[in-house]
Amino acid sequence: MNVALTGITGYAGMQLYNLLKNHPQVDQINVYQHDLKEAIDLAQLNPKLGTTDQEAYPYNAQAVMNHNQVIFFATPAGVTAELASPYLAANFPVIDLSGDFRLPDPKDYETWYHKTPAQAEELEQAYYGLADLEHNPGKTYIANPGCYATATLLGLAPAVQDGLIEPDSIIVDAKSGLSGAGKSLTPSSHFVQANENLQVYKANEHKHIPEILNTLQGWNNEVPYLQFMTTLVPMDKGILASIYAKVKPGYDEKDLLQHYQDTYADSPFVTVFNEGLPDVKSVVNTNDCKIGLAYNPVTNTVLIVSVIDNMLKGAAGQAVQNFNQLFDFDITDGLHFAPTLY
Ligand SMILES: NC(=O)c1ccc[n+]([C@@H]2O[C@H](COP(=O)([O-])OP(=O)(O)OC[C@H]3O[C@@H](n4cnc5c(N)ncnc54)[C@H](OP(=O)(O)O)[C@@H]3O)[C@@H](O)[C@H]2O)c1
């Protein structure tokens, strides 16, 4: 199969290129870049690729559809809201790593992204692809979930779906490495500011809040809101979400663990610890999510720790999972890695 990719000069696009390069069902990756006037050597576009015999092409939707069976967009918010129409009109498969099609209500997008949304009828055609838990009803436009949203939702799913926690008691304290913000330098990502530092950012304003809330409410309409905080930590990659909630009367630690293990019993990528809590290094460079629970009977509060690699499970890895689902490939195709165990 031929696949198109745009955004290869960015972090997620580069990661995606590497995954697709080793995917057993992918014959060729055609790279399209927004600012090219003519085709150039791919290695010239992104020297990290070293020498290749491939070219990168100027972005053109018709050329993409003529020469490929699917396109991956690893582009910033605002891009696919403008570029998606021809693909939607032709029912051409798209896997979109940006947030542009994650929120069905255009007003929500305006509020949280401060950008012009896609048309409401286009947004309706998209499917929010939380690949470890949901099954694509046959839609060809996949909105790949956000990285924090993935860690949080996988961590909360059993508790919320099975009604084990008080629905108005959810507090998420999530921490991410710097690659989560992409390659652009900002005041908070300068080495001197980021190194040996912890920075809370976007308090109550993070763009992933509405997609998390929509999904939680889809699972359990008693969830009214959640408290969600994000912290930047001086690591390259990785997210650790510490999730707190009050446990409903009648459930204890053993019950919680049983529900978590049942939910993910058949999941090749989500592991629930019998005891102990996971750390970030155990998932970096993998498509895995690891989850651990700690119940405090004194406060009747459960701590759920969910860890992922933001570039893999939180972006490119989940995009490949969605690609596998869309084309009925084995769900693990292209996603076998060993974690960095040191
Ligand atoms: N980083 C993560 O952990 C992560 C996780 C989940 C989802 N995502 C999402 O994935 C997308 C890419 O993220 P990233 O971290 O890889 O960002 P990035 O490092 O900033 O890369 C963005 C890419 O998009 C290209 N681009 C910029 N403006 C464009 C335009 N107007 N039209 C077309 N392409 C354009 C850039 O090309 P130039 O080189 O020309 O600028 C670059 O190739 C974002 O929507 C992000 O929210 C990222």
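The values are calculated or read from the model by the stated rules, or taken from the named source; none is laboratory data. A quick note: this is a predicted structure, and the numbers were derived from the prediction, not measured. For neighbour counting, all protein chains shown are included, and Cβ atoms are generated from backbone atoms with ideal geometry for every residue, glycine included.
Summary of computed values
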item: Qualifying residue in region 307-328 (condition: more than 16 Å from the ligand (Cβ to nearest atom), over 27 Å from ASN18 (Cβ atoms) and surrounded by 16 or more Cβ atoms within 10 Å (Cβ to Cβ)); result: no
item: Filtered residues of region 155-183 (kept if away from the ligand (no atom under 16 Å from the Cβ), touching a Lys or Arg at 6+ places or on another chain (Cβ under 8 Å) and not in a strand (DSSP E or B)); result: GLY163, LEU164, GLU166, SER169
item: Qualifying residue in region 235-247 (condition: over 19 Å from the mean Cα position of the chain (by Cα), at pLDDT 95 or above, among the aromatic types (Phe, Trp, Tyr) and assigned to a loop (DSSP other than H, G, I, E, B)); result: no
item: Filter result (part of a helix (DSSP H, G or I), under 23 Å from MET311 (Cα atoms) and not small (Gly, Ala, Ser)) within region 77-108; result: VAL79, THR80
item: Failed item, numbered, when GLN199 is tested on (1) surrounded by 19 or more Cβ atoms within 10 Å (Cβ to Cβ); (2) of a type outside the set (Lys, Arg); (3) closer than 12 Å to ALA181 by Cβ; result: (1)
item: LYS254 being part of a helix (DSSP H, G or I) and buried (at least 21 other Cβ atoms within 10 Å of the Cβ); result: no
item: Residue check for GLU38: surrounded by fewer than 19 Cβ atoms within 10 Å (Cβ to Cβ) and either part of a helix (DSSP H, G or I) or among the basic types (Lys, Arg) (or both); result: no
item: Matching residues in region 80-107 - criterion: being within 20 Å of the chain's Cα centre (by Cα), within 16 Å of the ligand (Cβ to nearest atom) and over 14 Å from ASN144 (Cβ atoms); result: ALA81
item: Looking only at region 117-159, and only at residues there that are of a type in the set (Val, Ile, Thr) and buried (at least 24 other Cβ atoms within 10 Å of the Cβ), the one that is nearest to ASP255 (Cα to Cα); result: THR152
item: In region 257-294, residue nearest to CYS147 (Cα to Cα) [restricted to those that are within 19 Å of the chain's Cα centre (by Cα) and part of a helix (DSSP H, G or I)]; result: VAL280
item: Considering residues of region 55-72 that are more than 16 Å from the ligand (Cβ to nearest atom) and under 16 Å from LEU36 (Cβ atoms) only, the residue surrounded by the fewest Cβ atoms within 10 Å (Cβ to Cβ); result: GLN62
